[in-house]
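Visitor: Sharing a structure with you now.
The values are calculated or read from the model by the stated rules, or taken from the named source; none is laboratory data. Because the structure is predicted, anything quoted here is derived from the model rather than measured. Every residue, glycine as well, gets a Cβ built from its backbone with ideal geometry; the counts of neighbours run over all protein chains shown.
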Amino acid sequence: MTHVGYLVAGWGIVVGVLGTYAVRLVRRGRALSGRVPEVHRRWLEAPGPAGSEDGRASGA
Amino acid sequence: MPDPGDGPEEVPGGSPTGPSLDLTPSPSRPERARRRPVAVVAVVAVLVAVVAVLLRTLGDASLFFYEVSEAVERRTELADARFRVVGTPQPGLVELDVDGEPAVVFTLCAGHVLADVAHVGDPAELFQPGVPVVLQGVWVAGPVPGLADLDGSSDDGWHLRTDHMVVKHDNDYRGEGAELEPCGTGVAGE
Amino acid sequence: MGTTTGTAAGTRDTTGSPRSRLLGVVTLLAVAVLGVLAFVLTDPDVRIHPTTGEEFGQFDAVRMLYVHVPLAVMTYLAYGICAVASVGVLVKRTPWWDVTAHAAAEVGTVFCGLVLVTGSIWGRPVWNTWWEWGDVRLMTTLVLFLMFTGYLALRRTTDDPRRQARRAAVVALVAVLDIPLVNRSVEWWENRTLHQRSTIGELKIEDLTLFTLFFGFVTAGLVLAWLLLHRFRVGWLEQAALDHGVAAAIAERHAETDDAEVLRSVGERAAGEGTSGDGEPGS
């Protein structure tokens, strides 16, 4: 196989960056989940991915 | 600097027993939002970077490249200016020393127009006849070194002296069915 | 770990759900299959030149394209979602749109950065250069990356979530205009760009190579979906934590105020009765 070093670097960076980002998201989500009542975490019960558009009254 | 996302850890200030107790749930909803200097600097840095990239792209005419026919046509106008030229190397490479440096000599072609090239320095890893390249260099008056060993050269009293080569790869991945643009019928540039 | 009413804290204090876990498993499997397709089952790009009879092509470097091209397409998709959500921010003004836009912008920027890096690593052996300043495709992609980096930085310049959302939405809608330039640059500036033209658009790919590239799109789409979902939920929790914290602070203040008033009234009553101040409250 030619260009092995480039392939390892390219694929390795992609898998490494995306994997690290995914792990950080999961950890951040766990930390935040502990500070928020379950009523705000609809994905625990509801089939929908993340709550409805009108699910909140304040903010932006 | 508090992060809005860390809101629960922020408790509005003031003495718990003082007479002027502030019930306003700041700082998460301040009337006058606070600016964050580091973030502002980051935004400015990004803006500067965008402008720099655009200037770098648009401001340097040599970043664009000519077809061989254009380069030949504008030879007088280009004079000793550096420019980029794209074309397909013809079969028959000659390796020799030019001005004491290792070089490869070949003929570049686009359509029916040819130009002889002396490329000084290491050629690209995937450089070979039939695969288009973009070269950067200048026109030099006089025949290319090693002209006698070159098949089908332009031999028009000029040659390109280049020192930067990148391969312009095509977009065809069909293996044996790949089509290559016809090149080089032996008609030299005027 | 924090407040949890479920039976298993580890499974309830997360941004995961049964469906997102299934999506995660499918995504990991797809990544593994893509690896096998890209490195084992497909052939390197080697062709025989019709004139010279010599081998030419990208050789094994072509295997980089199975990740580079899908990431680029998913970058467009993520930024497209961000643009649509930004319109929602400006029209509907609800946090749902802002959290969606923010999530899409962040994940899109991660993807866009990887597109630049993998393109650069592919370009070194195939083009003979890590980077070409004159290449229009590269420059417009870099500008896209920088503009959305600016979008993310802009969101941090103020503590006011409303301003944050509105300003970011405007920037996203401007930045996304660069996507057609990125995509069409290789056609509009043909012979002025080193980057090759579209392969799929001109049907210059076939068989297992085409299937692997297509499978790359599916895999990158799954990765994008998983990341978007979890980044959205993190953003949603950040907003909820903010509001929950504010509500808790207000309740705490009210409680403190009540205590203070009780203490004050007790003190006043004691002074009125001529007692020394060290008597027990309410006695």
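Visitor: Could you figure out which of (1) facing another protein chain (nearest Cβ under 7 Å); (2) closer than 24 Å to C:L210 by Cβ; (3) assigned to a helix (DSSP H, G or I) isn't true of C:V89?
Guide: For C:V89, the failing item is (2).
Visitor: Name the single residue that is modelled with the highest pLDDT among those in the stretch C:4-23 being among the hydroxyl-bearing types (S, T, Y) and under 16 Å from C:H230 (Cβ atoms). Full working, then the answer.
Guide: Applying the first criterion (among the hydroxyl-bearing types (S, T, Y)) to the stretch C:4-23 yields C:4-5, C:7, C:11, C:14-15, C:17, C:20.
Right, trim to under 16 Å from C:H230 (Cβ atoms) and you get C:11, C:14-15, C:17, C:20.
Numbers: C:T11: 55, C:T14: 80, C:T15: 83, C:S17: 87, C:S20: 92.
Out of the qualifying residues, it is C:S20.
Visitor: Further question on the same structure: Taking only pairs six or more apart or across chains, which ones have beta-carbon atoms under 8 Å, a first residue in the stretch C:127-141 that is part of a loop (DSSP other than H, G, I, E, B), and a second residue that is among the basic types (K, R) and buried (at least 21 other Cβ atoms within 10 Å of the Cβ)?
Guide: C:G134/B:R84
Visitor: Report, by residue number, each residue of the stretch B:58-75 that is under 13 Å from B:V138 (Cβ atoms), at pLDDT 85 or above, assigned to a helix (DSSP H, G or I) and among the hydroxyl-bearing types (S, T, Y). Give the steps one after another, and end with the answer.
Guide: Taking the stretch B:58-75 as the starting set, the residues that turn out to be under 13 Å from B:V138 (Cβ atoms) are B:62, B:66, B:71, B:74-75.
Going one step further and asking which of them are at pLDDT 85 or above, we end up with B:66, B:71, B:74-75.
Those left that are additionally assigned to a helix (DSSP H, G or I): B:71, B:75.
The answer is none; no residue qualifies.
Visitor: Would it be correct to say that B:V40 is more than 7 Å from every other protein chain (Cβ to nearest Cβ) and either assigned to a helix (DSSP H, G or I) or modelled with pLDDT of 85 or more (or both)?
Guide: Details: more than 7 Å from every other protein chain (Cβ to nearest Cβ): no; either assigned to a helix (DSSP H, G or I) or modelled with pLDDT of 85 or more (or both): yes.
So B:V40 does not fit the description; no.
Visitor: Can you tell me which of C:N183, C:N191 is in a loop (DSSP other than H, G, I, E, B), surrounded by 12 or more Cβ atoms within 10 Å (Cβ to Cβ) and either of a type outside the set (D, E, K, R) or modelled with pLDDT of 80 or more (or both)?
Guide: Details: C:N183 fails: in a loop (DSSP other than H, G, I, E, B).
Unique residue meeting the criteria: C:N191.
Visitor: Based on what the data block shows, is C:R137 buried (at least 23 other Cβ atoms within 10 Å of the Cβ), out of contact with any Cys (no Cβ under 9 Å at 6 or more places or on another chain) and either under 23 Å from B:R56 (Cβ atoms) or at pLDDT 95 or above (or both)?
Guide: Working: buried (at least 23 other Cβ atoms within 10 Å of the Cβ): no; out of contact with any Cys (no Cβ under 9 Å at 6 or more places or on another chain): yes; either under 23 Å from B:R56 (Cβ atoms) or at pLDDT 95 or above (or both): yes.
Here the answer is no, as C:R137 does not meet what is asked.
Visitor: Report yes if some residue within the stretch B:120-135 is more than 9 Å from chain C (Cβ to nearest Cβ), in contact with a strand residue (DSSP E or B) (Cβ under 9 Å, 6 or more places away or on another chain), over 19 Å from C:F56 (Cβ atoms) and in a loop (DSSP other than H, G, I, E, B); otherwise report no.
Guide: Yes, the stretch B:120-135 has at least one match.
Visitor: Now for a separate question. Can you tell me which residues in the stretch B:97-153 are within 20 Å of B:D170 (Cβ to Cβ) and of a type in the set (D, E, K, R)?
Guide: Listed by number, the list holds a single entry, B:E125.
Visitor: When the residues of the stretch C:115-124 are narrowed to those that are surrounded by fewer than 22 Cβ atoms within 10 Å (Cβ to Cβ) and not charged (D, E, K, R), which ends up farthest from the other protein chains (Cβ to nearest Cβ)?
Guide: Out of the qualifying residues, it is C:L116.
Visitor: Another one. Just to check your reading of the model, which residue among B:L96, B:L54 is surrounded by fewer than 17 Cβ atoms within 10 Å (Cβ to Cβ) and not in a strand (DSSP E or B)?
Guide: Details: B:L96 fails: not in a strand (DSSP E or B).
Only one candidate passes the filter, namely B:L54.
Visitor: Can you run down the residue pairs with Cβ atoms below 9 Å, 6 or more apart or on separate chains, where the first is in the stretch A:4-28 and more than 7 Å from chain C (Cβ to nearest Cβ) and the partner is surrounded by 12 or more Cβ atoms within 10 Å (Cβ to Cβ) and acidic (D, E)?
Guide: The qualifying pairs are A:V4/C:D60.
Residue-wise test of (1) farther than 30 Å from C:D243 by Cβ; (2) in contact with a helix residue (DSSP H, G or I) (Cβ under 8 Å, 6 or more places away or on another chain); (3) modelled with pLDDT of 90 or more; (4) outside any helix (DSSP H, G or I).
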{"position": "A:V8", "(1), (2), (3), (4)": "yes, no, yes, no"}
{"position": "A:V15", "(1), (2), (3), (4)": "yes, yes, yes, no"}
{"position": "A:G19", "(1), (2), (3), (4)": "yes, no, yes, no"}
{"position": "A:V39", "(1), (2), (3), (4)": "no, no, no, no"}
{"position": "A:P49", "(1), (2), (3), (4)": "no, yes, no, yes"}
{"position": "A:G55", "(1), (2), (3), (4)": "no, yes, no, yes"}
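Visitor: Separate question: Can you tell me which residue in the stretch C:86-114 is farthest from A:R42 (Cα to Cα), limited to those that are small (G, A, S) and buried (at least 24 other Cβ atoms within 10 Å of the Cβ)?
Guide: Result: C:G108.
Visitor: Give C:A240, C:A247 a once-over and let me know the one that is at the interface with another protein chain (Cβ under 7 Å from one of its Cβ atoms) and free of Cβ contacts under 8 Å to residues at least 24 places away in the same chain.
Guide: The conditions single out C:A240.
Visitor: Which one of these does C:V73 not meet: (1) among the hydrophobic types (A, V, I, L, M, F, W, C); (2) part of a helix (DSSP H, G or I); (3) within 13 Å of chain A (Cβ to nearest Cβ)?
Guide: (3)
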